[in-house]
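Each remark here refers to the structure printed beneath this line.
The values are calculated or read from the model by the stated rules, or taken from the named source; none is laboratory data. All values reported here derive from a predicted model rather than from experimental measurement. FYI the Cβ positions are ideal-geometry reconstructions off the backbone, even for glycines, and counts take in every protein chain you see.
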Amino acid sequence: MIEKYLSFLFSYCLSNFLLAQTGTLQGFVKDDLNRQAIVGAMVKLEKTNFSTITDSTGFFLIENVPIGEYTLRVQGVGILPIAKKIVINDGRNESLLLFAISENISEIVVSGTLRETETTQSPILVEVYSENFLQKNPTSNFADALQYINGVRPQITCSVCGTLGIQINGMEAPYTMVLIDGMPMVSGLGTVYGFSGIPTSLIKRVEVVKGTASTLYGSEAVAGLINIITKSPQQAEKLSADVFATSHQEYNADIAFTQKIGKFSTLLSANVFGFNSKRDVNADNFTDIPLQKRFSIFNKWQVERKDKKNTSIAWRYIYENRLGGEISFSESLRGSNQIYGESIFTKRFELLGRYDLPTSEKLSLQYSFNHHLQDAFYGNTPYQAIQSIAFAQMLWEKKLDNRNHLLAGSAFRYTFYDDNSPATATADGNSNQPSKIYLPSIFLQNETEFNPKNSLLIGLRYDYNSAHGNIFTPRLAYKFTANEDNILRFNIGKGFRIVNLFTEDHTALTGARQVVIANQLKPEESWNVSLSYEKTLLAGKNLLTWENNLFYTYFTNRILPNYEIDDNLIIYDNLQGYSVVRGWGSNLNFQSPQGLRWNLGCTLLQSFVQEQERRNQVLVSPFSATWSVSYTFAKIRTTLDWTGNLYSPMPLVQVENDFRPEKSPWYSIQNLQITTSVKEKWQIYAGVKNLLNFMPQNPLFNPQNPFSDSFDTAYGFAPLQGIRGFLGVRWHLH
């Protein structure tokens, strides 16, 4: 009896001793691209019986693991295997954050051909940037979020009120079409003010196409397009918040939630931004950046249908109040002729949706509407404007046979615009005549896959503009796939743009120069040719992608502001010669399962106008570089991000007897950020923006007489915000 008792006691003590020599392994497995949870992945310690499956949040837990060294292996459907050396210590919990690279490296995109296509299969080169990329540089302005994409540059359109546009490959902001869920929402007045109030927390991904896309999207898609794909209510977090502040006293908050009501799913999001601290670091007596108050709300609905087809509708409302000018200027002095200031009130409503018809044929109706009210003073010049744009298009997608894929469509766009400027004045200038433009269109494209290596896309669009008549825009794209790792693309196409002068070019309203429209302005036309090569290399578990792109755009009838004929005038007219933008861009992207990711890009370009003599285009940098470097420390769930850009000197706008330099200096804007995940629901991020504290050294304006004929607001080339810290918190509930 005593022997049995001693034996039991010995066994009990031994088991407790052995249990004391164990640890716990836990963590999360997420998609490296979009940080979504990897569900159902096998997590196993090699050469042991310890294994588990990740749950709906990507979480895994393995308990009572004997101390020692192990190889942890993660395998799942659609991801590349992960192998990682770990050490289990006595009684300690080991926590890991693992990022898996998709086995199918291709993303599904729609921007290049207006139909869902894998990036590697698309004859049009489409660059895809995930929500995670945008989070590397938290900002309240969507245009700022893109400044670390190679060949894409936020363009300051007014140095007083701080409005921005987006250049692509050296072409001015009005040549870039910006879409929200495929709908042309940012145009006309929205070209200047429509980038505000697009919270990055709402964005699932951004698709960028460089080069003309007018055959599918019509006017404005000359330099390229940026398609903002918002999150689906069925896939977004149930509740989320993203709040940050900077040491310059900027405050931004995004709050969103989703709800399923029967067959309906909805996403509701609100954004608030405020900045109310006057700064004049460059001592020119003007605010460096304008004061701003902004509120926007976004609501998206989706319907769950038996046929699995898409029905969605979304709306967005934006209110913004921005104010800039001399330090002593306040809102009570709007329209003052003694103290210069710019005060802009913006109200904007947008509606967009899609309905796939319940037919055997693949038919879909897409539609959008936006209404924009502008109440502004630029100095003592009032500008009141109203714009409404209604758009609808029907798409028919048909696979004719194993080789041919047809896309046909018909679109209609109506634009109403009215203001108090010369743009809507009658010929005698004595009365007002609002602009009403009707633009019906039809387009057809066919993609032929001759064999797995060769495919050809041919497209043609016809538009009838009620003010300018018939417009034809053809396009051809050829793709040669030597193998899945080597892809060559050739594109040629025609672009056109109907110019809305006072809604798109901010310099026509600011400053003291008089605006002169020399002749009846004709639509701008261009031909764009590009040749791109994409190389993918998978070295072990490391992924390397190299993209090269040669581009050439030839403009006729281009409309550019001429500042040089008369220093007191801005003269607008169609060129009597031609204009060329040409160059080369290269991107190198690296990803490693060990947590290191980096992207390096550079662009060389030349932009010039040829009339009686040749002149370089102002505010276009001949050389630019961008980079993004990230490293994730898995054990402490922390990621370090370094983002930056570099610009070479560019010609600047000059006035008579200008005291400012003719060219900008070399400059670089760099940021550092550290992000830590606290459990699964929280993220804390902090960092430094403009690490090198770069600001233009010379005053932008002559503070002695801002109402003089030499006063001009178009000189700015870089942000007037120096170094600043920021701190933010993200929280989400799945």
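In this structure, does Arg513 turn out to be buried (at least 16 other Cβ atoms within 10 Å of the Cβ), in contact with a strand residue (DSSP E or B) (Cβ under 6 Å, 6 or more places away or on another chain), modelled with pLDDT under 85 and in the same structural domain as Gly379 (by TED's automatic domain parsing)? It would help to see each step written out before you state the result.
On the way: buried (at least 16 other Cβ atoms within 10 Å of the Cβ): yes; in contact with a strand residue (DSSP E or B) (Cβ under 6 Å, 6 or more places away or on another chain): yes; modelled with pLDDT under 85: yes; in the same structural domain as Gly379 (by TED's automatic domain parsing): yes.
Taking the combined requirement at face value, the residue satisfies it.
Of the residues making up the stretch 611-628, none is more than 19 Å from the chain's Cα centre (by Cα), under 19 Å from Ala145 (Cβ atoms) and in the same structural domain as Thr553 (by TED's automatic domain parsing).
Residue-by-condition table, conditions (1) under 26 Å from Val609 (Cβ atoms); (2) crowded, with 23+ Cβ neighbours inside 10 Å:
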residue	(1), (2)
Pro138	no, yes
Ser159	yes, yes
Arg205	no, no
Lys210	yes, yes
Leu216	no, yes
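Of all the residues in the stretch 324-340, those that are in contact (Cβ under 8 Å) with a residue 60 or more places away in the chain and closer than 29 Å to Pro199 by Cβ number 2.
From the residues in the stretch 355-402 that are in a loop (DSSP other than H, G, I, E, B) and aliphatic (A, V, I, L, M), which one is modelled with the lowest pLDDT?
Leu400
Scanning the stretch 529-558 for residues that are closer than 21 Å to Gly224 by Cα, charged (D, E, K, R) and at pLDDT below 90 returns a single hit, Arg558. In the stretch 259-292, the qualifying residues are those that are of a type in the set (D, E, K, R) and surrounded by 15 or more Cβ atoms within 10 Å (Cβ to Cβ), and the one that is modelled with the lowest pLDDT is Asp284.
Rundown of residues vs (1) modelled with pLDDT under 80; (2) in the same structural domain as Thr632 (by TED's automatic domain parsing); (3) more than 30 Å from Asn271 (Cβ to Cβ); (4) buried (at least 22 other Cβ atoms within 10 Å of the Cβ), yes/no style:
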residue: Thr52; (1), (2), (3), (4): no, no, yes, no
residue: Thr57; (1), (2), (3), (4): yes, no, no, no
residue: Lys84; (1), (2), (3), (4): no, no, yes, no
residue: Thr120; (1), (2), (3), (4): yes, yes, yes, no
residue: Leu146; (1), (2), (3), (4): no, yes, no, yes
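Out of the residues in the stretch 434-455 that are over 24 Å from Glu525 (Cα atoms) and touching a Leu at 6+ places or on another chain (Cβ under 8 Å), which is surrounded by the fewest Cβ atoms within 10 Å (Cβ to Cβ)? So that I can check it myself, show each step before the final result.
So the first thing to find is which residues in the stretch 434-455 are over 24 Å from Glu525 (Cα atoms), and the list is 434, 447-455.
Now narrow it down to the ones that are touching a Leu at 6+ places or on another chain (Cβ under 8 Å): 447-448, 450.
Values: Glu447: 23, Thr448: 16, Phe450: 9.
Result: Phe450.
Does any residue of the stretch 241-264 turn out to be assigned to a loop (DSSP other than H, G, I, E, B) and at positive phi? Yes: the stretch 241-264 contains one or more residues that are assigned to a loop (DSSP other than H, G, I, E, B) and at positive phi.
Against the test of being in the same structural domain as Gln697 (by TED's automatic domain parsing), over 30 Å from Thr359 (Cα atoms), surrounded by fewer than 22 Cβ atoms within 10 Å (Cβ to Cβ) and more than 25 Å from the chain's Cα centre (by Cα), the options Glu304, Glu331, Glu250, Glu320 yield a single qualifying residue, Glu331. Would you call Ser431 loosely packed, with under 13 Cβ neighbours inside 10 Å and either within 30 Å of Thr381 (Cα to Cα) or hydroxyl-bearing (Ser, Thr, Tyr) (or both)? In short, yes.
Could you list, in sequence order, the residues of the stretch 199-216 that are in a loop (DSSP other than H, G, I, E, B) and either over 20 Å from Gln167 (Cβ atoms) or not hydroxyl-bearing (Ser, Thr, Tyr) (or both)?
Pro199, Gly211, Ala213
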